[in-house]
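Visitor: A single structure is presented below for examination.
We did not get these values from a lab; they are worked out from the coordinates using the rules stated. Quick caveat: nothing in here was measured; it's all calculated off a predicted structure. So basically every Cβ, Gly included, is an ideal-geometry build from the backbone, and we count neighbours across all protein chains shown.
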Amino acid sequence: MSENDDTDASEEVVRGENRQPIVSVLGHVDHGKTSVLDLVRSIGSERQASVMDREAGGITQHIGATEVPADVLNETCKVMLGGKEFKSPGLLFIDTPGHHSFVSLRNRGGSVADIAILVVDIMEGLQPQTIESLNTLKETKTPFVIAANKIDRIHGWRCETGRSFIQSMAAQRDDVKSYFDDRYWKMLGQFSEHGFNIERYDKIKDFRENVALVPMSAKEGEGLQDLLAVSVGLAERFLEDRLTDTIGPAMGTVLEMRDEVGMGKTIDVILYRGNLKVGDNIMLASSDGAFTTHIKGLKRPKGMSEMRDAGKRWVNFPEIQAACGVKIVAPNLENAIAGTTLHLANTEEQKTDAEQLIREEWRSIYDKMPIMCSVCKQVSPRFEFIEKCQNGTCKGAVEEKDGVVIKADTVGGLEALAFELFKLKIPVRQATVGPINKKDILMAKSIQDELNKAILGFSTKPNTEVADELSKEDSEVAFFSGSIIYHIIDQFEEWRDNKRAEIEAEQRESLVYPGRLLYLKDHTFRAKNPAIVGMRVVGGRIHIGQRLMKLDGTPVGQVKSLRTRSSEDVKEASQGDEVAVAIQGPTVGRHIEELDEFYVDVPASHAKRLKKLSLDPIEQEILDELIRLHRKEDHFWGR
C-alpha cells in the first residue's frame, strides 16, 4: 500500500452532529464553473492542478467531487468571519456538467445537494442553460447563491488575488464602479423576469427574501472568500435539520466506475446518508437488475485532491460517514452503472428495501425516454404518454418501431441524450448503458423510419465485433458518437437534414407534379397509336408515364415519351419547354385538336403530399384547379 501513498487514517474520520454541506455547482457552459472549483482547490496547502484542461472540449462531462476541510475554510474566510469559525466540518463540492443537455445529471446532483452555486458570467448574464439551471433549482427546491463571475472583464477593473469583493469594490475608480452597476442592474432585471429577487450579498437584510449575489473573478482569485462564507453561512443557518439528518441505512450516488491500477474495478460515490465500513454488503444497479457485493476497501482523496484526479493520493479508511466522496473497492463492480444509487444491504430488510428502490429508480429513468403515439404521432416522455394518450381522448399505443437507439457510459449520459432527442421530437426505441454491440445494430436495422435508423453513443464505443460494420460508408445504420454531447446531436441533425433531402428528392422523382400544356398549331406528327404532337409546357412540369386531362376534366391519355426539338429523348419537361409528346389513347381530330390545353392529372394521394410541399405559384394555381375539378365528383378528393 505504501507504493500508492496509502496510509491508515482511521483517526481522521470526522464525527460530530453536523455533517458537511454538499454544494452543487451549476451554470451555463463556459461561464466558469470548473474555474471556480479549480480556485477552491488551489487554496489548500496541497494544491491540485486544473481539471478543466483535461475535460473533453474544456467542458465538465461527468460529475466530480471535491472536499474542503473546515480549517481551510476558516483560514480562507477569516477576514469575512471576523474571528468566528464555521460549525461545519467542511464543504463537499459537486462539479456538475453545465451544458443544457445535462439537466438530468444536474437534477441528480441537485437531489443530494444541500445548497447550490449558480455561476453566471457577469458580462453575458442569463443564458439558456442558466435559465434551465434556475428551473432545476426551483424544481428541487434547492437554495442557491449566485457567483457573478468574471468581474475582471469589466473595463478598468483591477483585481488582486485573495482579496474580498468588498475590499476590491472600495479600491475601484468611480467610472469602473459605474460599469459594474450597469452589469449588475441588467442581471437583476433578468433574474426578476424569472421570478427571482436577487441582491448583492453585502446589502441583503433578509436572506429568506432575496437570493445572494457574490461578484468574483475565478481567473484572478478575487471574491472567493465571500462566496465560501455566504454558502456555508446560509447552509448552517437555514439547513440545520438537513445537515444533522444522517440517520438510516447508507445511501450514495455512484459517480463513476473506474479501473484503478493496483485496485481493480472501483466506484466513486457521494455518500449522502448513513455510514459505510469495510466488510459491509452493498446493493447496486446493473443493466441486469440489482446485485449485491461487499466492501473490501474505502478510500478518500488525500488533502483537497479532486476525486477524478487524485492519482496515488488516496487514504484508506475503515469507516466513513456522510457527507463525503469515497472510492469503494469491491468484487464485481464492473456491472455497476454510474448515476444510480448505492444502498446498504447488510440485513434482509435492507436488501428487500434496496431492491425495491433500485427497481423504482430504473423505472423512473425508463419513463423519461421519449416515445411516439401511434395515433397522434406526438412525442412525449413515456410517463406523460401513459397519462395523456392512453387515458385521454387519443388512446394511442406506443409506436416503438420508429425510435432511435441510444447508448452511453452512464445513466446520466443516457438521460441527457434522451432529453436532447425529446426536444427534437425524436422517439427512443432502445436505451442501454455500455458499448455498442450486435444487438444494438440489429435493433437499429429494424427501425422503419429512415430518418431514425441510427445509433447515438455518448462516451461509449462499439465493441470489436461491430466496429468495422459501423465504420463502413455504406453501413445500413448511421452511427454518431463522441465525448461532447452537443457535437453528437449536431452531427445527427445534419445527417437527418441530408437524409431528408435525399428522401424528398427520390419522392419528387416519383411524385406526379401539376402541369399545364398547350397543343401547338401545325405540330401534329402522328394522329394516333400513339398520337404524337408538339406541346409547350406553359406551367408546372410533365413526366413520362403521367396522364393528361382536358381543362374540363375529360381524360385524354397517358404520356409514353417526350422528345426535344434536337431529337433528344427526355423523361421530364418543365415550364417553357417545347417537346414532342407521344400520347397513348387519343386520336387527333376526334379527341384532341390543335391549340387545346391539357392538365397533367394528379392522383388524389399525390395531391395530399403536394399540399405539404412548397410549390411555385403557377404549380399551386394548377393544383388548386385540379382539386376543384375533382371535387365536383368526389367531395373528399385529395383530403
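Visitor: Could you tell me what % of all Cα pairs in segment 251-355 have separations over 23 Å? Don't skip to the answer; put the middle values down first.
Guide: Details: 928 of 5460 pairs.
Everything past 23 Å amounts to 17 percent.
Visitor: Provide, for q = 0.11, 0.22 Å⁻¹, the log10 of I(q)/I(0) from a solvent-free Debye sum over equal Cα point scatterers in segment 515-630.
Guide: -0.32, -1.26
Visitor: Where does each of Asp288, Asp353 land when they are ranked from fewest to most other beta-carbon atoms within 10 angstrom?
Guide: On the way: Asp288 7, Asp353 16.
In order of increasing Cβ crowding within 10 Å: Asp288, Asp353.
Visitor: Report, by chain and number, residues whose modeled amide H sits under 5 Å from the one on Ala65, excluding near sequence neighbours (fewer than 5 apart, same chain).
Guide: Correct list: Asp95, Met307, Arg308.
Visitor: Sort 317-327, 552-562 for me by packing, meaning the mean count of neighbouring Cβ atoms within 10 Å per residue, highest on top.
Guide: Highest-to-lowest ranking by the protection proxy: 317-327, 552-562.
Visitor: Which angle from 0 to 90°, rounded to the nearest 10, does the C-alpha axis of helix 411-423 make with the longest principal axis of the chain?
Guide: 40
Visitor: Please list the non-local residues whose amide H lies under 5 Å from the amide H of Ile371, H modeled 1.01 Å from N, same-chain partners needing a gap of 5 or more.
Guide: Amide H to amide H, under 5 Å and 5 or more residues apart or across chains, Ile371 pairs with Ser380, Arg382, Val428.
Visitor: Order 536-543, 84-91 from most to least packed using the mean count of other Cβ atoms within 10 Å. Walk me through the numbers on the way to the answer.
Guide: Numbers: 536-543: 20.4, 84-91: 18.9.
So the order, starting with the most tightly packed, is 536-543, 84-91.
Visitor: While we're here: Among the GluC sites (Glu not before Pro) in segment 219-304, which ones are in a DSSP loop with at most 12 other Cβ atoms within 10 Å of the Cβ? Mind listing them?
Guide: none
Visitor: Report the Cα centroid-to-centroid distance between segment 472-547 and segment 345-369 in angstrom, as an integer.
Guide: If we compute the Cα centre of each part, the gap is 53 Å.
Visitor: Give me Ser614, Ser164, Ser605 sorted ascending by neighbouring Cβ count inside 10 Å, so fewest comes first. Walk me through the numbers on the way to the answer.
Guide: Working: Ser614 6, Ser164 22, Ser605 11.
Ordered from fewest to most neighbouring Cβ atoms within 10 Å, Ser614, Ser164, Ser605 come out as Ser614, Ser605, Ser164.
Visitor: Rounding to the nearest 10 and keeping the result within 0 to 90°, find how far the Cα-based axis of helix 128-140 lies from the longest principal axis of the chain.
Guide: 60
Visitor: Between Leu342 and residues 5 or more places away or on another chain, which pairs have amide H atoms under 5 Å apart, with H built 1.01 Å from N, and which residues are they?
Guide: The list, which skips near neighbours in sequence, is Gly252, Thr253, Val254.
Visitor: Quick one: helix 348-367 against the long Cα principal axis of the chain, what's the angle to the nearest 10°, folded into 0 to 90?
Guide: For helix 348-367, the angle is close to 40 degrees.
Visitor: Moving to a separate point now. Which one of Leu234, Met263, Thr341 is farthest out on the positive end of the charge dipole of the chain, using unit charges on Cβ (Lys, Arg +1; Asp, Glu -1) and the Cα centre as origin?
Guide: Thr341
Visitor: For segment 515-630, build the charge dipole from Cβ charges (+1 Lys, Arg; -1 Asp, Glu) around the Cα centre, then report which of Ala580, Pro555, Gly539 sits farthest towards its positive end.
Guide: Pro555
Visitor: Continuing with the same structure: Per-residue HN-Hα couplings for segment 597-610, Karplus 6.51 cos²θ - 1.76 cosθ + 1.60 at θ = phi - 60°, whole Hz, x for Gly and Pro?
Guide: Whole-Hz 3J(HN,Hα) from phi for segment 597-610: 10, 9, 9, 6, 6, 10, x, 4, 5, 6, 4, 4, 6, 5.
Visitor: Straight-line reach only, C-alpha to C-alpha below 27 angstrom: list the lysines that Lys472 could link to, leaving out same-chain residues fewer than 8 apart.
Guide: Lys401, Lys407, Lys438, Lys439, Lys445, Lys453, Lys461, Lys499
Visitor: Taking segment 430-494, which GluC sites (Glu not before Pro) meet the DSSP loop condition and have no more than 15 other C-beta atoms within 10 Å?
Guide: Glu465, Glu473, Glu476
Visitor: Give a residue-ordered list of calculated ³J(HN,Hα) values for segment 628-639 (Karplus: 6.51 cos²θ - 1.76 cosθ + 1.60, θ = phi - 60°; whole Hz; x for Gly, Pro).
Guide: Residue by residue, segment 628-639 yields 4, 5, 5, 6, 5, 9, 9, 4, 9, 4, x, 7 Hz.
Visitor: Another question, then. Compute the distribution of all C-alpha to C-alpha distances in segment 396-490, in bins of 5 Å from 0, and list the percent of pairs in each, rounded to whole numbers.
Guide: Going from the shortest bin to the longest, the percentages are 3, 15, 27, 27, 19, 7, 2, 0.
Visitor: Still on this structure: Report the relative contact order of the chain, percent, no decimals, based on alpha-carbon pairs under 8 angstrom and at least 6 residues apart.
Guide: Working: 1368 pairs, mean separation 62.9, N = 639.
For the chain, the relative contact order is 10 percent.
Visitor: For the chain, evaluate the Debye formula with one uniform point scatterer on each Cα (no solvent term) and list log10 I(q)/I(0) at q = 0.12 Å⁻¹, rounded to two decimals.
Guide: -1.21
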